[in-house]
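A short write-up of the structure that comes next.
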Amino acid sequence: MNKNSSNTMALTPNTSNKRETVCIFGTGDFGRALGHKLIQSGYPVVFGSRSTQVSSLIPKDAEVLSHAEAAQKAAIIIMAIQRQHYNFLTPLAEILRGKILVDISNNLKINQYPESNAEYLAQLVPGAKVVKAFNTVSAWALQSGTLDASRQVFVCGDNMEAKQMVMDIVRALGLTPLDQGTLLAAQEIENYPLQLFPMWKFPILLSFGLIVFFFFYCLIRDVIYPYVYQNTDFSFFIAISIPNRICPILALILLALVYLPGVLAAIMQLYRGTKYHRFPDWLDKWMLCRKQLGLVALAFASLHVLYTLVIPIRSFVRWRISSQIVSQALNNKTEPLNNTNAWLSDSYLALGILGFFLFVLLGITSLPSVSNNVNWREFRFVQSKLGYLTLILCTAHTLVYGGNRFLSPSSYRWYLPNAYMLSLIVPCIVLVVKFVLIFPCLDKPLTRIRQGWERNPQYSE
Amino acid sequence: MNKNSSNTMALTPNTSNKRETVCIFGTGDFGRALGHKLIQSGYPVVFGSRSTQVSSLIPKDAEVLSHAEAAQKAAIIIMAIQRQHYNFLTPLAEILRGKILVDISNNLKINQYPESNAEYLAQLVPGAKVVKAFNTVSAWALQSGTLDASRQVFVCGDNMEAKQMVMDIVRALGLTPLDQGTLLAAQEIENYPLQLFPMWKFPILLSFGLIVFFFFYCLIRDVIYPYVYQNTDFSFFIAISIPNRICPILALILLALVYLPGVLAAIMQLYRGTKYHRFPDWLDKWMLCRKQLGLVALAFASLHVLYTLVIPIRSFVRWRISSQIVSQALNNKTEPLNNTNAWLSDSYLALGILGFFLFVLLGITSLPSVSNNVNWREFRFVQSKLGYLTLILCTAHTLVYGGNRFLSPSSYRWYLPNAYMLSLIVPCIVLVVKFVLIFPCLDKPLTRIRQGWERNPQYSE
Amino acid sequence: MNKNSSNTMALTPNTSNKRETVCIFGTGDFGRALGHKLIQSGYPVVFGSRSTQVSSLIPKDAEVLSHAEAAQKAAIIIMAIQRQHYNFLTPLAEILRGKILVDISNNLKINQYPESNAEYLAQLVPGAKVVKAFNTVSAWALQSGTLDASRQVFVCGDNMEAKQMVMDIVRALGLTPLDQGTLLAAQEIENYPLQLFPMWKFPILLSFGLIVFFFFYCLIRDVIYPYVYQNTDFSFFIAISIPNRICPILALILLALVYLPGVLAAIMQLYRGTKYHRFPDWLDKWMLCRKQLGLVALAFASLHVLYTLVIPIRSFVRWRISSQIVSQALNNKTEPLNNTNAWLSDSYLALGILGFFLFVLLGITSLPSVSNNVNWREFRFVQSKLGYLTLILCTAHTLVYGGNRFLSPSSYRWYLPNAYMLSLIVPCIVLVVKFVLIFPCLDKPLTRIRQGWERNPQYSE
C-alpha cells in the first residue's frame, strides 16, 4: 500500500488524507465553481489561464499559472473551456502526454458537431487519457450547494484507471458517478442535458389538439345550444362540467392509442409473413412513446376522477337536486326506486372504479424503480394483460354510462352526437381487432412469425 | 494508449471508433436478433454454424463460418445455443482457450439442472473465460427495438476484464449492465426470468379466497334476506354496496396479517427463551411476504376509498335521500340535529381518512427507490411505528363505524352478524397481544433475547 | 485463469465453487450472526476470540481459535468488535500485514470521534487493507433473514482488489454492495445508520407548531364562539371541519415557504451584486429542506382533498341540507339558480383540482427513481415552472373560495378574521415579489449575476 504503489502514485487512490492536486484549464464560471468545490473537499487546485494575473473571483487558495506550468503540477486536468478554443491545446500535446483530461463541455444544440467534444479532444491530444464527466451538473447548482436535481454524473472514457480517478473526485464532491463505458458514449452524454422531455412532445401535442377540439365541441353542445334555444346561461360549465367531459374522453382515446400500434404491427407482420422487415418510421416512433401516451392518459383519468368526486359539492348540483326534491314535495309525489337506473348507475361507477384502479396500478409499475425490479415476463403480464383489461373496463364504463341514451334523439343537438360517443371509436376498433387476432387461425401464424418463421423466406433478401 | 495496449488488444476498450469483431455461435432467433443489433451498433459480426450455407435470415453484413473458423476471428463468442447442445464445444476447447464465452441461455424450469448453464459451460471449456449475460432480454424486444421493460442486463463472471468487455457491449446496445459478481450468481440470474411474481402468490390466493367467502356472506345478508322477507330487489348491490363491504374487510384483515407473524415470532422467542432457533417454515415464508400482504391490503383500502367517495353520486342513494326528505316535508316534520350521530359519523370518517393516509405513506416508503434511500432505523420507524398506528386507526375506524349497532338485534339477520364484525377478530387479537408484549415484564426479556441472551444456553447445542 | 493467478490466489475470485475461508474477530451477536449467514452461503468460517473455549452460541461448523491463529487461516478478517477494543490489534500487526480487514463498527453518536473507525483501524494496522462494510445491516435482520429494509451495503476502501472481494461476499449473502470510493467515505458511512430523517425535522416541527396555532384559532372561532353566542354544540367539528380548515392552510403556507428562500436569495444577490458570497446559514439550511417542506405540504393537501370529498357523506351535512330543503318545501318557495354562486363554486373547485393535480405531479417527480431519470433542465422546468404554477393555482383557489366573504362583517368573529385569510399572507408575498423579479430591469442583472458577473468585483476578496 505504500512502497509498491509509489511509482503509480498518480493512478491509485491515495491512502493518506492528503488529496491529489487537480488542475483546471479556464477561469470561467464553471471552472471557478468547480475549483471552489474541489478546495472545499480538500483538493489542492491550480488554474491554468492565458493571463496569470490573479483575478479576485478565483478561489483564494488556488494558484493561477500558465497552461503549461499548471498542467505539469497535476495528473488530472479539467477542461473548463469551450470546444471552439480547444485548438490551443495542440502545442501543449507533449506536456499533456499521459495526463487525464476531463472534458466537461456542453454544446448549444443536439448533435451540433459530427463527433462529440470529448472525442474531438482525444483526437487533438492523442497522448492524453480523455474522460467525459460533469457536463450534466450546472455551475449554479455546484456553487449554491443545493443539488435538488439529479446528483448523477455520467462518466465515460477509454482508460479504466483514469475513469476510476475521475469517479473518485465525483464521489468526493458528493455526487454519484455513473460509468457509461468508453468514449463512444460521449455523444449521448453531451446531448443529454439539452433535452426537454423529448419523448413527451408527441403525446402532449396530441392531447393539446384533442383538448381544443373537444372543448369547442362541448361548448357548442352544452353552453351555446341551451343559450340559443332555452336562453339559459350555463357558461359556468366551462369550469367543471366541460373539463369533466374532456378528461375521460382523452383518457380513453389515449389509452386506446397505446394499444393501437401493437395491433397495427401484428397486422403488418401477418400480412408480410415475416418479422424481419422494419416497421415504417411513424410506427416505430409511436411504439417508443407508448409509455408516455399511457401516462398522459392516466393523468386525464385522474383529473376525471377528481372532477367526478366533487360533483356533489358543486353549488349548481346542490341547487338542482334540492329544486327537484322541493318540486316533488310540492307536487305531493314520491317516486319509486327505478331498479334499472340503479343497476346502470352502480355498474358504470363500479366499472370506472375498477378501470381507474388498474390504470393506477399500470402507472405504478411504470415507475423506473418498480419496472427495474420485475422481469420481462412479469412486465409483459402487467402491461399487456392488465393493460387490455384496463382498456376493456374503461370502454365498458363509457358504454354503460351511455346506457340507452345512444338512440335517444335528445342526445343529438344540432345533429352532433354526445362527445363520449366519439371517444368510443378508437377503443372499440382496437378491442375488436385484438379480439379477432386472438382467434387461433390468426394467433398461431403470428406466434410462429414472432418466433422467427417466415412465409416467404426470400422476402428478406 | 497506443503502443503499450497493442499486446492486450483483445482486453482493453479500443480507442478508435472501430469496434471489435463479435462471434455468435448459433443462427437461431436470438442469435440473429443479437447479430442484427450488434451490426447496427457498429460491431463486425461473424456467425459460427454447423452448416455454413448462408441463410437468408442472417443479417447481410455478417459472415457465416464453421464454429472453429468463426471462433478464431473474435475474442468474444456469444453462445446462442441451448444447454443440451453445449457438448459439441468439447473438441473446440483448444481454440476457445483464453476466449470470452458469453452464456445467454435460459432454462424452462427453475433449478432445472444442478449447476447453472454458465457454470456447466465453464466446466466444459475450462480454458475459456465464461461470462453470463443477456438472458433477461428477449429476442423480440431486441429485434423490435421497443424495450419498454427493464433495460437491465445482469452480468456475472469470474474474470474481471472479460466481464468489463461484455458490459461495454451491453452498454453499446443501449442496455444497462448490472455486475452481479462471480459466476456463482449465474444460477440466480438464470432463474430470474422464469419467475412470475413468486412473492405475490400467497397474498393473492388468500385474498381471492376471502373475497369469495365474504361475497356470498354479504349476498345472503344484504340481497337474499331482504328479497325473502321484504320482497325487495337489491340485486344491484352486487355492483358497489357489496364490493364496498368486502374491500375494507379484506384491507383490515390483510393489514393485521402483516403484523401477526411478528407477534407470533415474539411469543415463540419468549417461550423458547432464545432467538437461536429457527422459526417453523410457514412462519418464515409468511414473514417474507409481509410487504406483499401489506400492498394487497393497500389496494383494497384504495378501492374502499373510491367506492365510498362515489356513494353520493349513486342513483340509488340519491333516490333514498330524496324520498326521505320528501316524506319529511309531506309529514311536516323537521328533525333536530342528532349530536351523537354527528360525532360518530365525523369521527369514523376522520379515523378512516387518517388511517388511509398513513397506509398510503407506508406504501410509498415501500417503493424500492424510496426504501433504498432510508436507513434501517428510519425504515423500522416507518414500517413498525407508523404501521401499528395505521392498524390502530383502521381498527378504530371499523369499531366506530359499528357504533352502537353491535348489540342491536336487527344487525343479526338469520343469526349472521354484520360482515364487518368478522373483520375485527384478527386485528383485535394482534393489537391486544402486541399491547401485552409492550409491558416491561415481557418487553425486557424479549429485548434481551433479541440481543443474543439465552434463558437456557444449552438449548441451541 | 489458472497458472498466473495462483500466486494472487487470495485476491482473485475463485472459479471453483469452493469459497475462501473468512475469519471473524469477536464472538458477539453480530459476529455470530454474520458467521451463521456466511456458513449458510458456503464460506468456511473461523472465529478469532480471546478465549478459545467453544461457546454453544457459535455456529457448529465454525472453528474458534486465538486471534493470531485465526488470522493466519484467512485472507479476509471481519472485525466484529467495538472501536474501543481495537488497540489489541497492534501486537498482531505483523500477522495482519497484507490481510483485508473489514471494519463493520458503528458508533453511538454522529461524529463521535475525530476520524472514522475504519480510518482509525487503518492507522493502527498500517500494513493491512482496510475496507468499510456491513455497518448498515443489523444483526437481527441478518439472523432472521427477513431483510425488509434496504439491502444496500455501503463499501469503501483504498484497495480496489480488497474492496472487490468484500463486495463479492456481500453479494453472496444476498445483499447489494454499493462502492462509495476510498476510505475517506467511511465517516459518512458510519454516520448514516444513526440518522432519523434529519432533513424532515424542521418541516415537521414547523407544521406541528402551525397545526397547534391554527387548531386553537379555529376552535375559538368555530366551536367556542357559537357555543357562547348561539348556545349550539358544534364540538364534533373537531373531527372533520377543523382539520379540513387546518390542512389547506398548512399546505398553502408550506408550499409558499418552499419558494420563499429562492426569492430571498435572489433579493440578496441583487443587493450584493454578486453570487460569490455565501448566504447566511439559516437560508442555506432552509434551501436544503425545500423538498421536504414541499412533500409535507403535499401530505396536507392530500388530507384536505380527502376531508373535502367526504363532506357529502357526513351525517351533519346531510342533516343540514335536508333541513334546508324541507324548510323550503314547507315555505312553498323555490330558489332560482344563482349564477354567480355557481361560477364561484365551480371555479374554486376547478382551481383546487388543477392545483392538487400539479402538486401530485411535483411529488411524483421528486421520487428518487424519477428525478434520477430527468436532466437538470427538465428538473428545473418541473420544479420551478410547474411549482410556481401550482402555487398560483392554490393561492387563486383560496382567494376564490373567500369570494366576497372578505369584506362581510359576519366573517369577523371576536375581530378574528377567517383562518384562510391568514394563510394567504405568505403565498401572496412570494408571488408579488416573484412577479416583481420577473421585470427585465431586475431579471437582467440577476441573470448576469448568476452567470458570474459582479457589480463590485473587489467585494469577494
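The values are calculated or read from the model by the stated rules, or taken from the named source; none is laboratory data. All values derive from a computational prediction rather than experimental measurement. Here Cβ is always computed from backbone atoms with ideal geometry, including for glycine, and neighbour counts include all displayed protein chains. These area figures cover heavy atoms from the full protein model, side chains too; ligands, DNA and RNA do not enter into them. Shrake-Rupley method; radii C 1.70, N 1.55, O 1.52, S 1.80 Å.
C:TYR227 falls short on exactly one of the conditions (1) in contact with a Ser or Thr (Cβ under 6 Å, 6 or more places away or on another chain); (2) open to solvent by 20 Å² or more (accessible area, probe 1.4 Å), and that condition is (1).
Given the criterion on the phi < 0 side of the Ramachandran plot, facing chain A (nearest Cβ under 7 Å) and either buried (at least 20 other Cβ atoms within 10 Å of the Cβ) or touching a helix residue (DSSP H, G or I) at 6+ places or on another chain (Cβ under 7 Å) (or both), identify the matching residue among C:LEU337, C:LEU303, C:LEU344.
After ruling out the rest, the residue left standing is C:LEU337.
Is there a residue in the range C:232-243 that is more than 24 Å from B:TYR401 (Cα to Cα) and surrounded by fewer than 18 Cβ atoms within 10 Å (Cβ to Cβ)? So far as the range C:232-243 goes, yes, one or more of its residues are more than 24 Å from B:TYR401 (Cα to Cα) and surrounded by fewer than 18 Cβ atoms within 10 Å (Cβ to Cβ). The residue list C:THR182, C:THR176 contains one member that is farther than 30 Å from B:TYR192 by Cα and among the hydroxyl-bearing types (Ser, Thr, Tyr), which is C:THR182. Could you check, for the range B:401-420, whether at least one of its residues is open to solvent by less than 60 Å² (accessible area, probe 1.4 Å), more than 24 Å from B:ILE220 (Cβ to Cβ) and in the same structural domain as B:LEU257 (by the TED database)? Taking every residue of the range B:401-420 in turn, none turns out to be open to solvent by less than 60 Å² (accessible area, probe 1.4 Å), more than 24 Å from B:ILE220 (Cβ to Cβ) and in the same structural domain as B:LEU257 (by the TED database).
Among what's in the range B:31-42 and is at pLDDT below 85 and more than 9 Å from chain A (Cβ to nearest Cβ), pick the residue that is surrounded by the fewest Cβ atoms within 10 Å (Cβ to Cβ). Looking at residues that are at pLDDT below 85 and more than 9 Å from chain A (Cβ to nearest Cβ), I get B:GLN40. Just one of (1) facing chain A (nearest Cβ under 7 Å); (2) closer than 30 Å to A:SER371 by Cα; (3) open to solvent by less than 50 Å² (accessible area, probe 1.4 Å) fails for C:ASN373. It is (3).
Being within 12 Å of another protein chain (Cβ to nearest Cβ), assigned to a loop (DSSP other than H, G, I, E, B) and open to solvent by 30 Å² or more (accessible area, probe 1.4 Å) is a condition met by at least one residue of the range C:115-131.
Here C:LYS285 does not qualify as under 32 Å from the mean Cα position of the chain (by Cα), open to solvent by 10 Å² or more (accessible area, probe 1.4 Å) and facing chain A (nearest Cβ under 8 Å).
Residue check: is C:ARG278 within 39 Å of the chain's Cα centre (by Cα), away from chain B (no Cβ under 14 Å) and under 30 Å from C:LEU367 (Cα atoms)?
Criteria met by C:ARG278.
Among the criteria (1) within 29 Å of A:GLU188 (Cβ to Cβ); (2) of a type outside the set (D, E, K, R); (3) at pLDDT below 85; (4) touching a Lys or Arg at 6+ places or on another chain (Cβ under 8 Å), the one A:ILE110 does not fulfil is (4).
When C:PHE359, C:PHE379 are checked against the criterion of being within 17 Å of A:LEU298 (Cα to Cα), touching a helix residue (DSSP H, G or I) at 6+ places or on another chain (Cβ under 9 Å) and not acidic (Asp, Glu), C:PHE359 stands alone in meeting it. Exactly one residue out of A:ILE77, A:ILE81 is modelled with pLDDT under 90, open to solvent by less than 70 Å² (accessible area, probe 1.4 Å) and touching a strand residue (DSSP E or B) at 6+ places or on another chain (Cβ under 7 Å): that is A:ILE81.
Within the range C:53-74, the set of residues being open to solvent by 10 Å² or more (accessible area, probe 1.4 Å), touching a helix residue (DSSP H, G or I) at 6+ places or on another chain (Cβ under 7 Å) and small (Gly, Ala, Ser) comprises C:SER56, C:ALA62, C:ALA68. With respect to the stated conditions, C:GLY209 fails to be at pLDDT below 95 and in the same structural domain as C:PRO417 (by the TED database).
Residues that are more than 14 Å from every other protein chain (Cβ to nearest Cβ) and not aliphatic (A, V, I, L, M) within the range B:376-403 comprise B:TYR388, B:THR390, B:CYS394, B:THR395, B:THR398, B:GLY402, listed in sequence order. Here A:GLY363 meets each of (1) closer than 30 Å to B:LEU196 by Cβ; (2) of a type outside the set (A, V, I, L, M, F, W, C); (3) in contact with a Lys or Arg (Cβ under 8 Å, 6 or more places away or on another chain) with one exception, condition (3).
Which one of these is open to solvent by less than 30 Å² (accessible area, probe 1.4 Å) and at pLDDT 90 or above: A:PRO193, A:PRO203, A:PRO177?
Being open to solvent by less than 30 Å² (accessible area, probe 1.4 Å) and at pLDDT 90 or above holds for just one of A:PRO193, A:PRO203, A:PRO177, which is A:PRO203.
Checked against (1) at pLDDT 80 or above; (2) under 24 Å from C:LEU361 (Cα atoms); (3) open to solvent by 40 Å² or more (accessible area, probe 1.4 Å), A:ILE392 passes all but a single condition, namely (2). Checking the condition more than 9 Å from chain A (Cβ to nearest Cβ), over 28 Å from the mean Cα position of the chain (by Cα) and either more than 27 Å from B:LEU205 (Cα to Cα) or crowded, with 18+ Cβ neighbours inside 10 Å (or both), which residue from B:LEU298, B:LEU309, B:LEU270 passes? The conditions single out B:LEU270.
Restricting attention to the range B:353-365 and to residues that are open to solvent by 20 Å² or more (accessible area, probe 1.4 Å) and not β-branched (Val, Ile, Thr), the residue that is farthest from the other protein chains (Cβ to nearest Cβ) turns out to be B:LEU358.
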